[in-house]
Structure formats: C-alpha cells, structure tokens
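Right, one structure below, let's go through it.
The values are calculated or read from the model by the stated rules, or taken from the named source; none is laboratory data. For clarity, every value in this text was computed on a predicted model and none was experimentally measured. With ideal geometry, Cβ positions are generated from the backbone for all residues, glycine too; neighbour counts draw on all protein chains shown. The accessibility values were calculated without ligands, DNA or RNA, using every heavy atom of the protein model including side chains. Shrake-Rupley method; radii C 1.70, N 1.55, O 1.52, S 1.80 Å.
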Amino acid sequence: MENAEKYKEYGIPATKGILFFGPPGCGKSFFAKVVADECNANFFTVNGPELLGGGIGQSEANLRQKFRDARETNPAIIFFDEIDAIAEDRSSGSGSVRLISQLLIEMDGMESLDGVMVIAATNRPEKLDSALMRAGRFDTKIYIPMPDELSRKELFASSPGKIPYNLDLFPTRLILRLLDLPFAKGCNTTYCCS
C-alpha cells in the first residue's frame, strides 16, 4: 500500500488479498492490525459469524457496505477474521454461495480496489473455496506459527497497551516468567499488554 505508485510505474498488479493462517491464538488478528498501523490505513473488521444472518440478501448487503466504506476512506484494510465461517468450499454444500460470490465480485469486480487491501485469517485454509485462492484474490498466503519464547517477549516489549502497566504491581521479570509458560500464546501476550 505504501508503494502503490511503484507497482503502477512498473505495470505490476499489487496484491489485493493476503491470507494469514495458523493455529488458534498465534496472533493472526494482531498482525492484521499491525499491518494497518504500519500503512496508516483505516481498519475495517469483518467477523465471519457476525456477517451471517438477517433476511435474505442481508449478509451480501452488509459485505457490499464494508467494501464501499473502505473505498471511500482509503487507504484501508478490510480484515476478515475466521473467513472459513463464510467462505467454505462451495462444493461441500455448507458455504453460502451468494456470500462467496459477493466477496469474489468485491475483490475483482468492476469497482477498483485502489488503496484497499483485503486480509483474511483462518485456522483451516484447506476448507476455503478454491476460487478465493486464485491470482488477484488471496494470492499471498502467510503462515503464522505460535510465537516462541523470544517472540513472546519481543511482542510484550513492543505492544502498545491501552493502559500502561505499573512496574511496581507487575514487575517485568514476573510478566516475562508468565510468558515462558507453554500455554502463553500470542493472543495471551497481547491481552497482557492491553
């Protein structure tokens, strides 16, 4: 997003979609927010299960509105958390054909996505509809593993918590010892920091 003019200058199509995948709690949502912050982009979240529901066509209308809002306020990132909830392979019979079709239309339809990037996260990339994985859609796939001990410590040290922690109440060495525990995931680390 920051070098969009370079892509245009060289005639290279910019990536429209990035798929983050990895185990639950590894920090996929956190990384999407970091990307938006680094690009100074507006951040729109679409939680898969929340998009579903309402009357006939309501989910598709909600999706169109998210893309419209992002286009109007670009640069913007639209983040689909748990995209597998709305974009499961249509051949399985469990995905919403209309909703997947609307997502495909928004990603590579007639309206340009200039200044808008789509990022999605899933724990189950193999369940996604194959049409989403084609060039010009989610063509960049990034595996995000569980953070190791060093990564958790760096994540903690760099996380801009909303409420600064009091070193008298929570000494850094105590927090870092808690982060050494095997159940300390990326999401637990960022939770400690907010």
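In region 58-98, which residues are of a type in the set (A, V, I, L, M, F, W, C) and crowded, with 20+ Cβ neighbours inside 10 Å?
Leu63, Phe67, Ala70, Ala76, Ile77, Ile78, Phe79, Phe80, Ile83, Ile86, Ala87, listed by residue number.
State which residue is farthest from Pro125 (Cα to Cα) when the search covers only region 64-109 and only residues that are free of Cβ contacts under 8 Å to residues at least 60 places away in the same chain and among the acidic types (Asp, Glu).
So, considering only residues that are free of Cβ contacts under 8 Å to residues at least 60 places away in the same chain and among the acidic types (Asp, Glu), the one farthest from Pro125 (Cα to Cα) is Glu72.
Answer yes or no as to whether Phe44 is part of a helix (DSSP H, G or I) and aromatic (Phe, Trp, Tyr).
Against the criterion (part of a helix (DSSP H, G or I) and aromatic (Phe, Trp, Tyr)), Phe44 does not qualify.
If a residue has to be farther than 22 Å from Met146 by Cα and either modelled with pLDDT under 85 or open to solvent by less than 40 Å² (accessible area, probe 1.4 Å) (or both) to count, how many in region 1-43 make the cut?
19
Which of the numbered conditions does Thr73 fail, given that it passes all the others? Conditions: (1) more than 17 Å from the chain's Cα centre (by Cα); (2) modelled with pLDDT under 90; (3) β-branched (Val, Ile, Thr).
Condition (2) is where Thr73 drops out.
Exactly one of (1) over 20 Å from Thr122 (Cβ atoms); (2) in contact (Cβ under 8 Å) with a residue 40 or more places away in the chain; (3) under 14 Å from the mean Cα position of the chain (by Cα) is unmet by Asn42. Its number?
Exception for Asn42: condition (2).
How many residues does region 112-133 contain that are farther than 22 Å from Gly27 by Cβ and surrounded by fewer than 13 Cβ atoms within 10 Å (Cβ to Cβ)?
Counting residues in region 112-133 that are farther than 22 Å from Gly27 by Cβ and surrounded by fewer than 13 Cβ atoms within 10 Å (Cβ to Cβ) gives 3.
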